[in-house]
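The structure under discussion appears below in the form of structure tokens.
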Amino acid sequence: MDTTKNPWTIHSRETKYDNNWISVWHHEGLNPTGGQGIYGVVHFKNQAIGVVALDEENNIYLVGQYRFPLEQYSWEIPEGGGPLGEPALDAAKRELLEETGLVARHWEVITRLALSNSVSDETGVVFLARGLEQRQAEPEETEQLMVKKVPFEEAYRMVDRFEITDSLSVAAIQKVKLMMYEGLLNK
């Protein structure tokens, strides 16, 4: 079996919905067993960007905001979207400054993710930002944010207690914990 070849035969694709951030595509064709099939895909026009901002004392900066789709408040790492053609690092620097007012001297990609690959093509990249300096935050008009600095271990416990459930944040915090455990993170 060739795992790189698409087992679907696509006969048509129709855009059912489109805005500045997403399109919803309806595909019709033959499924992998040869039967008639449909598939809906949410196409994202941006790449998800996340930043673990860690200071010299191993404090992490979290951003709290109400998430419209879930109808609940969420604590997360600073994150947002970067246009698909833009370098991810440029988007990460912009999001960190925008949401927290922080700039960083040192940047490192720590993970890449497919965020919900059964129904969307959204991908994400997460950076570790170190050597932080405080400036003025520049939130977007659609954002009502609260920023808090907590010890990294407390953020890790928040993931464990399901107080942080955002997938980008959970993966990022667990990755940094693993890096700490393996001695790959210098203070």
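The values are calculated or read from the model by the stated rules, or taken from the named source; none is laboratory data. Everything numeric in this text was worked out from a predicted model, so none of it was measured. FYI the Cβ positions are ideal-geometry reconstructions off the backbone, even for glycines, and counts take in every protein chain you see.
Couple of notes before you dig in:
- Of all positions in segment 108-116, at least one carries a residue that is within 29 Å of Val159 (Cβ to Cβ), free of Cβ contacts under 8 Å to residues at least 24 places away in the same chain, surrounded by fewer than 19 Cβ atoms within 10 Å (Cβ to Cβ) and of a type in the set (A, V, I, L, M, F, W, C).
- Arg157, sole failed condition from (1) without any contact (Cβ under 8 Å) to a residue 60 or more places away in the chain; (2) in a helix (DSSP H, G or I); (3) within 18 Å of the chain's Cα centre (by Cα): (3)
- So Val63, is it surrounded by 15 or more Cβ atoms within 10 Å (Cβ to Cβ), at pLDDT 95 or above and out of contact with any Ser or Thr (no Cβ under 8 Å at 6 or more places or on another chain): no
- Against the test of being in a loop (DSSP other than H, G, I, E, B) and either out of contact with any Asp or Glu (no Cβ under 6 Å at 6 or more places or on another chain) or under 21 Å from Glu57 (Cα atoms) (or both), the options Ser169, Ser116 yield a single qualifying residue, Ser116.
- Unique residue being surrounded by 14 or more Cβ atoms within 10 Å (Cβ to Cβ), free of Cβ contacts under 8 Å to residues at least 40 places away in the same chain and within 30 Å of Glu14 (Cα to Cα) when the list is Gly85, Gly37, Gly81: Gly37
- Leu102 falls short on exactly one of the conditions (1) of a type outside the set (Val, Ile, Thr); (2) surrounded by 13 or more Cβ atoms within 10 Å (Cβ to Cβ); (3) without any contact (Cβ under 8 Å) to a residue 60 or more places away in the chain; (4) out of contact with any helix residue (DSSP H, G or I) (no Cβ under 8 Å at 6 or more places or on another chain), and that condition is (4).
- Subset of segment 8-24 (residues that are without any contact (Cβ under 8 Å) to a residue 60 or more places away in the chain and over 15 Å from Ile38 (Cβ atoms)): Tyr17, Asp18, Asn19, Asn20, Ile22, Ser23
- Leu132 meets all of the listed conditions (1) touching a helix residue (DSSP H, G or I) at 6+ places or on another chain (Cβ under 7 Å); (2) in a strand (DSSP E or B); (3) among the aliphatic types (A, V, I, L, M) but one, namely (1).
- Top-ranked residue of segment 13-63 - restricted to ones that are in contact with a strand residue (DSSP E or B) (Cβ under 6 Å, 6 or more places away or on another chain) and not in a strand (DSSP E or B), ranked as nearest to Pro87 (Cα to Cα): Asp55
- Only listed residue being assigned to a helix (DSSP H, G or I), free of Cβ contacts under 8 Å to residues at least 60 places away in the same chain and buried (at least 18 other Cβ atoms within 10 Å of the Cβ), chosen from Lys93, Lys177: Lys93
- Complete set of residues in segment 143-187 that are among the basic types (Lys, Arg) and either farther than 17 Å from Leu54 by Cα or touching a strand residue (DSSP E or B) at 6+ places or on another chain (Cβ under 7 Å) (or both): Lys148, Lys149, Arg161, Lys175
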